[in-house]
Amino acid sequence: MAESPLISMLFMFIPMAAIIYFLMIRPEQTRRKKHQAMLENLTKGDEIVTNGGLHGKILGVDNDKKILLISVGEVNNQEMKVHISLSSVAFLKKGGELIEGE
């Protein structure tokens, strides 16, 4: 009794699909969930790094508009403040180390 070519292709496709899922899709989903949880838990005083490389300290969080007010340094003894989108936060800094989606 000869096997159908369709059945043999199916037996090759299933392991390949499983490999792709476990090596590519699932790790990305877990990374995205960790990052989203980190964004939801940002509070005043946290140090962050944006996707553009801007380092700053959170001065205020507006969860309704998804906007952060951060301090990025001083110029002529005046604090420089910037409004950024919550989605532009890439990393949280703790102890000088970057932590992605803890």
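The values are calculated or read from the model by the stated rules, or taken from the named source; none is laboratory data. Just so you know, these numbers come straight off a predicted model, no measurement behind them. Cβ coordinates were reconstructed from backbone atoms using ideal geometry, including for glycine residues, and neighbour counts include every protein chain displayed. We work out accessible area using only protein heavy atoms, side chains counted, and drop any ligands, DNA or RNA first. Shrake-Rupley method; radii C 1.70, N 1.55, O 1.52, S 1.80 Å.
Tabulated data for the structure shown
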read-out	value
Glu97 paired with Leu39, simple spin-label distance in nm, labels 7 Å along Cα-to-beta-carbon	2.5 nm
Cα long-axis angle, helix 26-40 against the chain (0 to 90 degrees, to the nearest 10)	20 degrees
Estimated inter-spin distance, Arg26 and Lys57, nm [label 7 Å along Cα→Cβ]	4.2 nm
Accessible area of the chain divided out per residue, in Å², using a probe of 1.4 angstrom	78 Å²
Percent of alpha-carbon pairs separated by more than 23 Å within the chain	46 percent
Accessible-area composition of the chain, carbon plus sulfur, in percent [1.4 Å probe]	59 percent
C-alpha long axis of helix 5-20 to longest principal axis of the chain, angle in °	20 degrees
Net +/- balance of residues flanking Gly73 in space, Cβ distance below 13 Å, scoring K and R +1, D and E -1	-1
Sorted peptide list for 78-87, 23-32, 65-74, criterion being average Cβ within 10 angstrom, highest first	65-74, 78-87, 23-32
Amide proton proximity set for Gly73, modelled H, under 5 Å, gap of 5+	Met80
Point-to-point label distance, Ile7-Ser88, nm (Cα→Cβ direction, 7 Å offset)	5.9 nm
